[in-house]
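The values are calculated or read from the model by the stated rules, or taken from the named source; none is laboratory data. Not measured: the values here are computed from a predicted model. Cβ atoms come from the backbone with ideal geometry, glycine included; neighbour counts cover every protein chain shown. With ligands, DNA and RNA removed, areas are computed over all heavy atoms of the protein, side chains included. Shrake-Rupley method; radii C 1.70, N 1.55, O 1.52, S 1.80 Å.
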Amino acid sequence: MKITAPNDCNNSPKRRIVKDLVIDLYNGNYDNLLKNINESFVYQRIDKPAINNKENLKKLLEKQSKPTSLTIDQILSHGKFGACNGYLEVSKGVIHFAYFFEFKSAGSNLIKKITLYQV
């Protein structure tokens, strides 16, 4: 998979975490993703039921088709929040996405909530 993402994340740990987690989501590195999720978390895809169990999240992610390329356009972070947007190229076309992450606290790297918007 071809990956294009901002390279200026080195001075912001949360931005680097967001970048790495989104890459892990689509690269199939689910174990790394799951170890960064708080025990009590919510994964919310808009218009779908929420998931709050790591096993069910892993099953869902394993079912998704692998993109041929991932482009992350922007990554933002502030306090206990992080976000990014971009698009995937898949066999059926292009999927645009926006992820919003809520960490356990501003000083924590554990994710409490992930919200995904896709078009």
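You can think of it this way: the chain between Val94 and Leu116 has 6.3 nm of extra reach, that is 0.36 nm per residue less the Cα-Cα gap. Calculated FRET efficiency, Thr68 to Asn36, Cβ-Cβ distance, R0 = 22 Å: about 0.30 to the nearest 0.05. Site pair Lys2 and Ile46 shows an inter-label distance of 2.8 nm when each label is modelled 7 Å from Cα along Cα→Cβ. Pairs from the list Lys2/Lys113; Lys35/Lys104; Lys35/Lys92; Lys2/Lys54; Lys59/Lys112 with a Cα-Cα gap above 24 Å: Lys2/Lys113; Lys35/Lys92; Lys2/Lys54.
Atom-type composition of the exposed protein surface of the chain places 49 percent of the accessible area on carbon and sulfur (1.4 angstrom probe). In order along the range 76-84, the Karplus-derived 3J(HN,Hα) couplings, from 6.51 cos²θ - 1.76 cosθ + 1.60 at θ = phi - 60°, round to 10, 8, 7, x, 9, 10, x, 7, 7 Hz, and Gly and Pro are given as x. Straight-line cross-link partners of Lys66 among the aspartates and glutamates, defined as a Cα under 17 Å from its Cα and at least 8 positions apart when in the same chain: Asp20, Asp24, Asp31, Glu89. Protein heavy-atom accessible surface, 1.4 Å probe, per residue over the range 45-86: 63 Å². Calculated mean residue ellipticity at 222 nm for the chain: -7500 deg cm²/dmol, from DSSP H runs with n ≥ 4 weighted as -39500 (n - 2.57), summed, divided by the residue count and rounded to 500. Sequentially through the range 87-95, phi angles give Karplus couplings (6.51, -1.76, 1.60; θ = phi - 60°) of 8, 10, 9, 10, 4, 8, x, 10, 10 Hz, Gly and Pro residues having no value and appearing as x.
The range 3-48 and the range 68-113 have their alpha-carbon centroids 6 Å apart. The three principal axes of the C-alpha atoms in the chain carry coordinate ranges of 39, 33, 24 Å, sorted with the longest axis first.
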